[in-house]
Amino acid sequence: MRSSFSTRELALAAVFAALISIGALVSVPMFGPVPLTLQVLFVLLAGLVLGARLAALSVVAYLAVGLVAPVYAQGASGFGALVGPAGGYLLGFVVAAYVVGALAERWHPHTFWPLCAIALIGLVPLYAIGASWLAWQLRADALWPIVWGGVVQFVPGDVVKAAAAALVARALLSLPLGLPALSRPR
């Protein structure tokens with residue numbers, strides 16, 4: 001296994017870090033302290049097209065930029081945003097991107113449904129980490145408000161984002177881009 005990335009791979013990770021930042025600009029308040037954003041779309045897409053290590057690196061780069069620049073949802077930045085109620089979702093982005101990337105590298109999906117299934121699987125660690133962190137931050141003593149406010153209300157939108165990520169990844173398959181997770185012998 002390689003221990004370093006090429007300049008091209010680092011540039012791809014930077015592009016996805018920028019896309020995740022752009023996804024944070026679309027921020028819709030929801031029930032509770034965590035907004036609905038388009039970040040999940042780009043996190044899942046990064047995993048589908050970049051592979052595990054590079055997708056996780058793109059999210060880590062995004063998180064690092066957010067420590068000094070207002071690129072998190074609702075214009076937030078700094079360490080406080082990472083340890084606040086939405087911080088678990090931000091950290092969950094790393095795991096989700098890695099899981100989706102690892103599955104894409106292993107299964108080499110070519111069509112919409114397998115790509116979509118992989119993207120949907122990536123939502124599991126995102127919700128698990130995000131909702132657990134949210135419960136801890138809010139010192140919740142009841143499960144239902146956390147399940148509703150941290151998972152259920154986001155599922156419909158995130159399913160649409162997973163499908164959109166799969167559609168975009170499928171479209172990218174037809175292009176000779178040499179994207180890491182999509183590059184494989186036919």
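The values are calculated or read from the model by the stated rules, or taken from the named source; none is laboratory data. In this text the structure is predicted, and so the values were computed from the model without any measurement. All Cβ positions, even for glycine, are placed from backbone atoms using ideal geometry, and neighbour counts span all protein chains on display. Note: accessible area is taken over every heavy atom of the protein model, side chains too, but ligands, DNA and RNA are not part of it. Shrake-Rupley method; radii C 1.70, N 1.55, O 1.52, S 1.80 Å.
Using θ = phi - 60° in the Karplus curve 6.51 cos²θ - 1.76 cosθ + 1.60, the 3J(HN,Hα) couplings for the stretch 76-90 round to 6, 7, x, 4, x, 5, 5, 9, x, x, 8, x, x, 5, 4 Hz; x is entered for Gly and Pro. Largest to smallest in accessible area, the residues Asp158, Asp141 fall in the order Asp141, Asp158 (1.4 Å probe, all protein chains included). For the chain, the Cβ-based charge dipole about the Cα centre amounts to some 480 debye (Lys, Arg positive; Asp, Glu negative; other atoms uncharged). Cα centroid separation, the stretch 78-129 to the stretch 26-40: 16 Å.
Over the stretch 74-141, the ratio between the Cα radius of gyration and 2.2 N^0.38 Å evaluates to 1.32. The three principal axes of the C-alpha atoms in the chain carry coordinate ranges of 52, 34, 29 Å, sorted with the longest axis first.
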